[in-house]
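Participant: Sharing a structure, written as structure tokens. Questions coming.
The values are calculated or read from the model by the stated rules, or taken from the named source; none is laboratory data. Keep in mind it's a predicted model, so treat the numbers as computed, not measured. Because the Cβ atoms are built from the backbone with ideal geometry, glycine has one as well, and the counts that use them run over all protein chains shown. When the accessible area is computed, the model is the full protein with side chains, heavy atoms only, and any ligands, DNA or RNA have been set aside. Shrake-Rupley method; radii C 1.70, N 1.55, O 1.52, S 1.80 Å.
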Amino acid sequence: MSLETLWLALLGLLLAGYFTLGGYDHGVQMLSPFLGTAGGTSSGTSGGTPTGPRERNAALDALAPFFLGNEVWLVAFAGVTFGAFPHLEGSLLSGLYPLIVAILVGLVLGGAAVQLRGRSRDPRALRRWNALVVLGGALPAVCWGIVVGLLLHGVPRRADGSFHIGAGDVFAPFALTCGIATALLFAGHGAAFVALRSEPELAATARRMGATLVAAAGVAGALALVLSLFGAGASMTRPGTSAVLFALVEAALAAGWWHLTRGNDALAFTATCAATALPVLLVGAGQYPYLLVASSGAGITVADAVADRATLKLLTGFGVVVVPVILAYQAWSWWAFRGRTGRRHPNYF
């Protein structure tokens, strides 16, 4: 395997890892107002004064040990893009700048709101924080879906070779369908996570909600396929590979729905993990050898985007260390906080 192929695979692995692990972060945030709250009392003090009662959110309890830690995959993805694919980074960030900013705004708002809602005792303020928690999950989910839709469809390329998107591209039917499908998928993935991590009563509610959301994501994905068949959707350089991968996405969603309806929480979560990771492979393998496809037919290939061989060799030394550390951290966190909420970790936001 060449260094270029190795780093392309690593880039895809990191983004798929973020979609899988960060995806349930966003999903739980979107569903948190609908998955049960209970009164709780904080035992801490602030300046010698008890912090007093606060509203406990059971869905966020399940997420608490992993919250924000999963974003390390996004940071690593950005680092690899900057270091190993500098020509892609220049075109991608400038072309998708409004969506990238919206994703970052959502991440900051959601992270702050989750932390601050746990310190609020005013019901009106709590409602505002809850709304921002939902927005912080939904905005990145929808925007990531639109990004995937634009990459599948192809983005407009200017005469100087730069890429640029406008409102017409973002709000095109295919891009919006991909955004809605991704938001539904992340929400269903978050519900499967809550079902896996929560006490029986909440888990049952999460299963019912997750089954509905996963089925809806499958329908939205089928609509995206119909748009593609009529020439208004994806423009793939490898249609055979793309068809197989799309079928695998739908199969993973069907498996997730099946296991959610039957209470097989671990298998349901495994299926939704696969469903969130496969769109990354669809973009990479379905568009190969292009990394960024233009709607006019030209684009940036892997060879065009990758750094020189000397840089890749230098970066490989760091990658050999950093990637196993990330994987080890994720494995340790899941092992340390295994089990359902309330049995292994009583703390909550």
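Table: residues versus (1) within 20 Å of residue 284 (Cα to Cα); (2) basic (Lys, Arg); (3) modelled with pLDDT under 95.
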| site | (1), (2), (3) |
| --- | --- |
| 160 | no, no, yes |
| 179 | yes, no, no |
| 188 | no, no, no |
| 199 | no, no, yes |
| 235 | yes, no, yes |
| 259 | no, no, no |
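Participant: Related question: If you check residue 291 against the conditions, is it open to solvent by less than 50 Å² (accessible area, probe 1.4 Å), within 22 Å of residue 12 (Cα to Cα) and under 25 Å from the mean Cα position of the chain (by Cα)?
Facilitator: yes
Participant: Would you confirm whether or not region 224-239 contains a residue that is within 18 Å of the chain's Cα centre (by Cα) and touching a residue at least 40 places away in the same chain (Cβ under 8 Å)?
Facilitator: For region 224-239, residues within 18 Å of the chain's Cα centre (by Cα) and touching a residue at least 40 places away in the same chain (Cβ under 8 Å): absent.
Yes/no per residue for (1) touching a residue at least 12 places away in the same chain (Cβ under 8 Å); (2) hydroxyl-bearing (Ser, Thr, Tyr); (3) surrounded by 14 or more Cβ atoms within 10 Å (Cβ to Cβ); (4) not in a strand (DSSP E or B):
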residue	(1), (2), (3), (4)
283	yes, no, yes, yes
286	yes, no, yes, yes
304	yes, no, yes, yes
313	yes, no, no, yes
317	no, no, no, yes
320	no, no, no, yes
331	no, no, no, yes
338	no, no, no, yes
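Participant: If residue 324 meets every condition in (1) open to solvent by less than 40 Å² (accessible area, probe 1.4 Å); (2) modelled with pLDDT of 80 or more apart from one, which number is that one?
Facilitator: So the condition that residue 324 fails would be (1).
Participant: To continue, here is another question. Taking region 240-266 only, how many residues are among the aromatic types (Phe, Trp, Tyr) and either closer than 22 Å to residue 293 by Cα or in contact (Cβ under 8 Å) with a residue 60 or more places away in the chain (or both)?
Facilitator: Residues meeting the conditions: 1.
Participant: Scan region 68-84 and report the pairs whose first residue is over 15 Å from residue 140 (Cβ atoms) and without any contact (Cβ under 8 Å) to a residue 12 or more places away in the chain and whose second residue is part of a helix (DSSP H, G or I) and not β-branched (Val, Ile, Thr), with Cβ atoms within less than 7 Å and a gap of 6+ or a chain change.
Facilitator: Close Cβ pairs (under 7 Å, with a partner that is part of a helix (DSSP H, G or I) and not β-branched (Val, Ile, Thr)) amount to 82/89.
Participant: On to the next question. Does region 136-156 include one or more residues that are open to solvent by less than 20 Å² (accessible area, probe 1.4 Å), of a type outside the set (Ser, Thr, Tyr) and on the phi > 0 side of the Ramachandran plot?
Facilitator: Yes, that holds for at least one residue.
Participant: Also, quick follow-up: So which pairs qualify, if the first residue must be in region 191-204 and hydrophobic (A, V, I, L, M, F, W, C), the second must be not in a helix (DSSP H, G or I), the Cβ gap must be under 7 Å, and the two must be at least 6 apart or on different chains?
Facilitator: If the second residue must be not in a helix (DSSP H, G or I), the pairs left are 194/35; 202/35; 202/36.
Participant: Across region 174-201, what is the number of residues that are over 17 Å from the mean Cα position of the chain (by Cα) and either open to solvent by less than 20 Å² (accessible area, probe 1.4 Å) or within 29 Å of residue 89 (Cβ to Cβ) (or both)?
Facilitator: Adding up the residues that qualify gives 4.
Participant: While we're on this one: State yes or no: is residue 341 at pLDDT 95 or above, among the β-branched types (Val, Ile, Thr) and closer than 26 Å to residue 202 by Cα?
Facilitator: When the stated conditions are applied, residue 341 does not pass them.
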